[in-house]
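Remarks on the structure that follows.
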Amino acid sequence: QVQLVESGGGLVQAGGSLRLSCAASGRTISNYAMGWFRQAPGKEREFVASISWSGGRTDYADSVQGRFTTSRDNAKNTVYLQMNSLKPEDTAVYYCNARLVTGWNSVNDYWGQGTQVTVSS
């Protein structure tokens, strides 16, 4: 139903900043919770940040709290992840996620293709 495309990844020095974008198409994302995940080589995919479209609530992993900020632009059907004070351990492929709650204990998840973020030390 929803297609997601991430952009904005690249190579940055430690301490630098990067802004990722997630553009949605096919459906409006107004009723979807949106999130960011990342996966480093040899590791499982982990939660980074999320934002609720209905309530404007945001949540962050402890490892990025205070450094990363997620935001939304309903007019552009786009979600952003502003990453500041980047560290080498932030190096990973970053994925955009859209979650539709379909029941008390059921959801539909949609994923983008990912964008590479590399932080050099």
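The values are calculated or read from the model by the stated rules, or taken from the named source; none is laboratory data. Model, not experiment: these values are computed from the prediction. Each accessible area value is taken on the protein alone, full model and side chains, heavy atoms only, with ligands, DNA and RNA left out. Shrake-Rupley method; radii C 1.70, N 1.55, O 1.52, S 1.80 Å.
Would you call T58 of a type in the set (S, T, Y) and more than 21 Å from S120 (Cα to Cα)? Yes.
Tell me, which residue of the stretch 1-38 that is hydroxyl-bearing (S, T, Y) and part of a strand (DSSP E or B) is least open to solvent (accessible area, probe 1.4 Å)? Residue satisfying both the conditions and the ranking: S21. Of all the residues in the stretch 39-91, those that are open to solvent by 60 Å² or more (accessible area, probe 1.4 Å), closer than 24 Å to V2 by Cα and modelled with pLDDT under 95 number 7.
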